[in-house]
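For reference, the structure is listed below as structure tokens.
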Amino acid sequence: MTARHRVFAWCLYDWACSSFNTIVISFVFATYFVRAVATNPASGTAGWAEAQGLAGLVIALVAAPLGAIADGGGLRRPMLAGCTAIVALCTAGLWFVRPHPSSIVLALVLVAAATVAFEIAAVFYNAMLPDIAAPGRIGRVSGLAWGSGYLGGLVCLVLCLVLLIDPHPPRFGLSPAESQPVRATALFAAGWIAVFAWPLLVLMPRPPRRLAVRRALRNGIAALRSALRAAIGTSGTARFLVARMLYSDGLTTLFAFGGIYAAGTFAMDAHATLLLGIALNVTAGIGAVVFALIEDRIGAKSVVLLAVGALAVLGTLALLAQSARTFWIVALGLGSFVGPAQAASRSLMARLAPADARGAHFGLYALSGRVTGFVGPLALGAVTAMTHSQRAGMAVIVVLLGAGGVLLATTRFGPTTG
């Protein structure tokens, strides 16, 4: 496989797995759960928050050890394949979530399990970046992959809209009374993952297995301790991980509850929320590609700071919006900075991680994105439950974004890193 083919396969994986975030977490299934499965929007938001918070706690506990094991045993690709299969199977299982409170537990268990597998898969996937891209093109490849993810999410959303949500009467004999057109989007997303993830999982060269699994486990834990000591001993890396812990928690919470907020506060139905998702993926994809072309020149840190600052300001304006039209305008601007914040963070970590411990370092990277990942959703759920206001609960996101941006702004890196 040529270098260009490796980049294509790596970017195609982002295209594939974006369907989970777009369809399940952000726009379609989360909205369906709050409006049709839960007893009311407030309790649905709180329940979804608790499930995502528990998933974040599991990710925080296992991501770094599994990354270290993958490093030591040469298991990065098979572990990526296993996690991807779990995401696809759990997503397909959401078809069985009926529009009735009796399906609440099934929905939350499947979504939480898929979220854990999705985030663990990202550890192995992200650790491949320095092997895929030349040192001077890490930022460009990372940004283009993120852009392809948004494009994939956009295409998946459009197809769900045209084939499943919009037609009246529904196609394929789906029953509106049982919300089957909406539930079928989960099957579509699962198939999307299976079809487009396979080139990276099958065609990429398999690295030699360096150690038996048991020995890889022992050595991986030792490597993780070493990576953790190195990160703590390098002030720039440690501060970056803490800063990302804060603003990534804000972003994760935004993704999990943006569609729910739109549905509950502005009474957007599944169709309107789907259209918003399509528009956001357009602006997010454009933003990711534009910043990918300039990141290697201006530095990953500068891109992250610009993006996180803009997200905090626009997020505040979105909370102040009093009409769906104003919310739409602000949300489109907000979407254009989401991709650059994530892609530049990934490329910055790729530059900081040593070649022989990338899985462990990206495990710490996932840990930094999830160690307080339960705090954002749980805090949002608690504030929403106490105030009976989605608007008040969503303010947690702005606080996290602002705190992470301030800490990163005061962090210094070497001249070839930030």
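Looking at (1) buried (at least 23 other Cβ atoms within 10 Å of the Cβ); (2) in contact (Cβ under 8 Å) with a residue 60 or more places away in the chain, which is the one condition that is false for Leu305?
(1)
Restricted to region 375-412, and to residues that are part of a helix (DSSP H, G or I) and polar (S, T, N, Q), which residue is farthest from Ala46 (Cα to Cα)?
Of region 375-412, the ones part of a helix (DSSP H, G or I) are 375-387, 390-409.
Among the residues that remain, those that are also polar (S, T, N, Q) are: 384, 387, 390.
Details: Thr384: 7, Thr387: 12, Gln390: 10 Å.
The qualifying residue farthest from Ala46 (Cα to Cα) is Thr387.
Output the residues belonging to region 271-302 that are surrounded by fewer than 24 Cβ atoms within 10 Å (Cβ to Cβ) and aliphatic (A, V, I, L, M).
Within region 271-302, Ala272, Leu275, Ile278, Ala279, Val282, Ile286, Val289, Val290, Leu293, Ile294, Ile298 qualify.
Of the residues Val62, Val111, Val97, only one is buried (at least 24 other Cβ atoms within 10 Å of the Cβ) and under 26 Å from Trp10 (Cα atoms); which? Break it down stepwise before answering.
Numbers: Val62 fails: buried (at least 24 other Cβ atoms within 10 Å of the Cβ); Val97 fails: under 26 Å from Trp10 (Cα atoms).
Result: Val111 is the single residue among Val62, Val111, Val97 that is buried (at least 24 other Cβ atoms within 10 Å of the Cβ) and under 26 Å from Trp10 (Cα atoms).
List, please: which pairs have Cβ atoms under 7 Å, are six or more places apart or on different chains, and start with a residue in region 315-334 that is part of a helix (DSSP H, G or I) and exposed (fewer than 14 other Cβ atoms within 10 Å of the Cβ) and end with one that is at pLDDT below 85 and among the aliphatic types (A, V, I, L, M)?
The qualifying pairs do not exist here.
Would you call Arg4 assigned to a helix (DSSP H, G or I), over 13 Å from the mean Cα position of the chain (by Cα), modelled with pLDDT of 85 or more and among the basic types (Lys, Arg)? If you could, list the steps in order and put the result at the bottom.
Details: assigned to a helix (DSSP H, G or I): yes; over 13 Å from the mean Cα position of the chain (by Cα): yes; modelled with pLDDT of 85 or more: no; among the basic types (Lys, Arg): yes.
Taking the combined requirement at face value, the residue does not satisfy it.
Could you tell me whether any residue of region 92-107 is under 24 Å from Pro340 (Cβ atoms) and either touching a Cys at 6+ places or on another chain (Cβ under 8 Å) or at pLDDT 85 or above (or both)?
Narrowing region 92-107 to residues under 24 Å from Pro340 (Cβ atoms): none.
Within region 92-107, none of the residues are under 24 Å from Pro340 (Cβ atoms) and either touching a Cys at 6+ places or on another chain (Cβ under 8 Å) or at pLDDT 85 or above (or both).
For region 3-23, what are the residues that are touching a Leu at 6+ places or on another chain (Cβ under 7 Å) and within 16 Å of Leu254 (Cβ to Cβ)?
Thr22
Anything in region 384-413 that is crowded, with 17+ Cβ neighbours inside 10 Å, among the polar types (S, T, N, Q) and within 13 Å of Tyr261 (Cα to Cα)? List them, or say none.
Passing the criteria: Thr384, Gln390.
Are there helices (runs of 4 or more DSSP H) fully within region 29-103 with at least 2 residues that are in contact with a Pro (Cβ under 9 Å, 6 or more places away or on another chain) and in contact (Cβ under 8 Å) with a residue 40 or more places away in the chain? List them.
Numbers: elements: 29-32, 41-73, 76-93.
Per the criteria, 41-73, 76-93.
Could you tell me which of the residues Ile138, Ile193, Ile132, Ile86 is surrounded by fewer than 20 Cβ atoms within 10 Å (Cβ to Cβ) and either closer than 27 Å to Gly56 by Cβ or out of contact with any Cys (no Cβ under 8 Å at 6 or more places or on another chain) (or both)? Talk me through it step by step, then tell me what you get.
Values: Ile138 fails: surrounded by fewer than 20 Cβ atoms within 10 Å (Cβ to Cβ); Ile193 fails: surrounded by fewer than 20 Cβ atoms within 10 Å (Cβ to Cβ); Ile132 fails: surrounded by fewer than 20 Cβ atoms within 10 Å (Cβ to Cβ).
Going through Ile138, Ile193, Ile132, Ile86 in turn, just one is surrounded by fewer than 20 Cβ atoms within 10 Å (Cβ to Cβ) and either closer than 27 Å to Gly56 by Cβ or out of contact with any Cys (no Cβ under 8 Å at 6 or more places or on another chain) (or both): Ile86.
Out of region 281-305, which residues are β-branched (Val, Ile, Thr) and touching a helix residue (DSSP H, G or I) at 6+ places or on another chain (Cβ under 7 Å)?
Step one: list which residues in region 281-305 are β-branched (Val, Ile, Thr), which gives 282-283, 286, 289-290, 294, 298, 303-304.
Result: Val282, Thr283, Ile286, Val289, Val303, Val304.
The values are calculated or read from the model by the stated rules, or taken from the named source; none is laboratory data. It should be emphasised that the depicted structure is a prediction, and the values quoted were computed from it without experimental measurement. Every residue, glycine among them, receives a Cβ derived from its backbone with ideal geometry; neighbour counts consider all protein chains shown.
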